[in-house]
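Mind having a look at this structure? Questions to follow.
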Amino acid sequence: MARANPYRPFTPDPEQTARAPDVSGNAINGLGETAHRRPRMVYWAPDPDDIPHGELQRYFYTQSARVAAFADKRAARQAVLDAPLPPVADRRVTRPPDEWTAALDDFIANGACEKTGVARMQPDWVYDGHHIPQSRVIMIGVAHDYDAIATAPDPRAGLEVMQQYTRAAAAAKTIAGWLRQQGWEAEPVTGPMTGALAMIPPALACGFGELGKHGSLINPDMGASFRLSAVLTDAPFAPTPPQSHGIDAFCQNCRICEDACPPEALSPDKQTVRGTTKWYVDFDKCLPFFNQTHGCAICIAQCPWSRPGVGLNLAAKLARKRQRDAD
Ligand code: SF4
Ligand code: SF4
């Protein structure tokens, strides 16, 4: 039986509803389209005027302006974004591909981030109308403080999201700076305005886990409670493999996020999106609640994989079951 949801029924603020464009965000995302195509930017445009939902993106800013601490967090993030990168050194350091990739472990060891991976860049990961010339994308993951994210949809969760976006940006700039000092061009990509790059596909490709029913990545180490940034480069990093822990199948039998989502944006079944069948968040249902709660985050907080220590145990249990089934 579904758990009682304290945020239902949810009625969007009429001021927000009045800003909605004529086009559905689900249509922009390609929901129901059976032919493959590249993604189109639906939200978090660097310039809100560039997207149909730009006025709703501006509405998000008006909501967070009501909590003074958001301005401080935004200023801290801007300072990180504005910090100059070092020049590209004249002399180019060379290493075998595996050594380049192994060197990323140092950034985890020194606390800059919790996870890294590398994928060979694919045109399908670039928003329609954009181009990324680099051959490699380094993905970076930073974990939320679980106690803070567990307060969602309280503003404390939104503030934690901003804090980790800032940390993810700092990690991307540090890794890009490190590469530039070794003679390799490198471009940091920071969230949530990622510019040309859709970040979830390369994160899936390089071992950051599986897509959960709530539309966010899940891995055993951080659950769904983390943020991403990236670095684009031609330095010849060895790609890291995708990882599967049975999370996709687990989601078939779990409905915690479905029940927890106030506007009922999560479906029990996968959907066809631009020719692929996958878990999908109804953008038009999610966005009003997301905007009115400084980024919501209920679904990632409630996901059992996100609870500290649970993800690794769940992954081990699922691996044992797979082994038993195979025997
Ligand atoms: S972020 Fe969106 S999908 Fe997740 S619980 Fe909130 S409203 Fe639902
Ligand atoms: S709450 Fe359950 S169904 Fe939703 S993403 Fe997490 S594991 Fe999957």
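None of the figures in this text is laboratory data; all of them are computed from the coordinates on show. These numbers were taken from a predicted model, which means no experiment stands behind them. All Cβ positions, even for glycine, are placed from backbone atoms using ideal geometry, and neighbour counts span all protein chains on display.
Find, among the trypsin sites (Lys or Arg not before Pro) in the stretch 11-49, those assigned to loop by DSSP (not H, G, I, E, B) with at most 14 other beta-carbon atoms within 10 angstrom. Kindly include the intermediate steps, with their values, before the conclusion.
On the way: sites: Arg19, Arg37, Arg40; in loops: Arg19, Arg37, Arg40.
Within the stretch 11-49, the qualifying trypsin sites (Lys or Arg not before Pro) (loop, at most 14 other Cβ atoms within 10 Å) are Arg37.
Let me ask something additional. Which far-off residues, 5 or more places away or on another chain, put their amide H under 5 Å from the one on Phe208, with H placed in the peptide plane?
Amide H neighbours of Phe208, under 5 Å, 5+ apart: Gln243.
Name the long-range amide H neighbours of His144: under 5 Å, sequence gap of 5 or more, or other chain; modelled H, no Pro or chain starts.
Amide H to amide H, under 5 Å and 5 or more residues apart or across chains, His144 pairs with Phe226, Arg227.
Output ³J(HN,Hα) for the stretch 13-25: one whole-Hz value per residue in order, computed from phi by the Karplus curve 6.51 cos²θ - 1.76 cosθ + 1.60 with θ = phi - 60°, and x for Gly and Pro.
After applying 6.51 cos²θ - 1.76 cosθ + 1.60, I find 4, x, 5, 6, 4, 5, 8, 5, x, 5, 7, 6, x Hz.
So, one more: Please list, in order, the residues from the stretch 243-280 whose amide nitrogen is less than 18 Å from a point placed 7 Å along the Cα→Cβ vector of Thr34.
Inside the label zone: 270-278.
Apply the membrane-span-like helix rule to the chain: whole DSSP H runs, Cα extent along the own long axis of at least 18 Å, mean Kyte-Doolittle hydropathy at least -0.5. List the helices found.
Details: long enough: 68-82 (22 Å, -0.12); 155-180 (37 Å, -0.12); 310-326 (24 Å, -0.55).
Qualifying helices, which must be both long enough and hydrophobic enough, are 68-82, 155-180.
Right, something else. Lysines within cross-link reach of Lys285: Cα-Cα under 23 Å, excluding same-chain residues under 8 positions apart?
Candidates past the 8-residue exclusion: Lys213, Lys270.
How big is D for the stretch 53-203, in µm² s⁻¹ as a whole number, if Stokes-Einstein is applied with the Kirkwood radius of its Cα pairs at 37 °C and 0.692 mPa s? Each step should come with its number before you reach the end.
Working: Rh = 17.1 Å.
Answer from the Stokes-Einstein relation: 193 µm²/s.
Full extension from Ser135 to Arg92: what is 0.36 nm times the residue separation minus their Cα-Cα distance, to one decimal in nm? It would help to have the intermediate numbers written out before the result.
On the way: separation 43, 0.36 × 43 = 15.48 nm, distance 1.69 nm.
That works out to 13.8 nm of additional length.
If you don't mind, there's one more thing I want to ask. Using a Förster distance of 35 Å, how high is the FRET efficiency between Arg66 and Gln122, based on the Cβ-Cβ distance and rounded to 0.05? If you can, show how the numbers build up before the last one.
Numbers: r = 40 Å, r/R0 = 1.15.
Rounded to the nearest 0.05, the efficiency is 0.30.
Right, something else. Do you know the relative contact order of the chain, to the nearest whole percent, from alpha carbon pairs under 8 angstrom that are 6+ apart?
On the way: 630 pairs, mean separation 78.9, N = 327.
Dividing the mean separation by the residue count of the chain yields 24 percent.
What order do you get for Thr190, Thr11, Thr166 when you list them from fewest to most C-beta neighbours inside 10 Å? Intermediate results must be reported in sequence, preceding the final value.
On the way: Thr190 25, Thr11 9, Thr166 22.
Fewest to most other Cβ atoms nearby, the residues stand as Thr11, Thr166, Thr190.
Which one, Ala238, Ala109, Ala20, has the greatest fluctuation when you compute a Gaussian network model over the chain with C-alpha springs under 10 angstrom?
Per the Cα network of the chain with a 10 Å cutoff, Ala109 tops the list.
Using a Förster distance of 25 angstrom, determine the FRET efficiency expected from the C-beta separation of Ala18 and Met193, and round it to 0.05.
Values: r = 24 Å, r/R0 = 0.97.
Efficiency for this residue pair is about 0.55.
Now a separate question. Mind sorting Lys278, Lys115, Lys73, Lys270 by how few other Cβ atoms lie within 10 Å of their own Cβ, fewest first?
Taking fewest neighbouring Cβ atoms as first place, the list is Lys278, Lys270, Lys73, Lys115.
Karplus couplings for the stretch 42-52 from phi (6.51 cos²θ - 1.76 cosθ + 1.60, θ = phi - 60°), rounded to Hz, Gly and Pro as x?
Karplus-based 3J(HN,Hα) across the stretch 42-52 equals 9, 7, 6, 6, x, 10, x, 5, 7, 10, x Hz.
For a quick check: with amide H placed at 1.01 Å from N, whose amide H comes under 5 Å from Lys115's, ignoring anything fewer than 5 positions away on the same chain?
Result for Lys115 returns Gly141.
To the nearest µm²/s, what D does Stokes-Einstein give for the stretch 14-326 at 4 °C and 1.567 mPa s, using the Kirkwood radius over alpha carbon pairs as Rh? List each step's numbers first, then the result.
Working: Rh = 20.2 Å.
It comes out at roughly 64 µm²/s.
Over what distance in Å are the Cα centres of the stretch 45-84 and the stretch 1-34 separated?
What the calculation gives is 21 Å, centre to centre.
Once both labels are modelled 7 Å past Cα along the beta-carbon direction, what's the Thr277-Asp82 spacing in nm?
About 5.1 nm, to one decimal.
Over all directions, the average projected area of the alpha-carbon convex hull for the stretch 191-288 comes to how many nm²? Walk me through the numbers before you get to the answer.
Values: hull surface 30.1 nm².
Average projection, Cα convex hull of the stretch 191-288: 7.5 nm².
With θ taken as phi - 60° and the coefficients 6.51, -1.76 and 1.60, list the Karplus ³J(HN,Hα) couplings across the stretch 265-278 in order, rounded to whole Hz; mark glycine and proline as x.
Listing the rounded values in order: 8, 10, 9, x, 10, 5, 10, 8, 10, 6, x, 10, 8, 7 Hz.
Based only on other Cβ atoms within 10 Å, what is the fewest-to-most ordering of Phe208, Phe10? Kindly include the intermediate steps, with their values, before the conclusion.
Numbers: Phe208 27, Phe10 15.
Ranking Phe208, Phe10 by Cβ neighbours within 10 Å, fewest first, gives Phe10, Phe208.
What lysines does Lys173 reach when the alpha-carbon gap must be under 29 Å and sequence neighbours fewer than 8 apart in one chain are set aside?
Answer for Lys173, where 29 Å is the Cα cut-off: Lys73, Lys115, listed by chain and number.
Right, another one. Within a Cβ distance under 9 Å of Pro239, other residues only, what is the Lys/Arg minus Asp/Glu net charge? Mind showing how you got there, number by number?
Working: positive: Arg120, Arg136; negative: none.
Here the count lands on +2.
Name the most mobile residue of His144, His131, His294, meaning the one with the largest mean-square fluctuation, in a Gaussian network model of the chain with Cα contacts below 10 Å.
With Cα springs under 10 Å in the chain, the top fluctuation among His144, His131, His294 is at His131.
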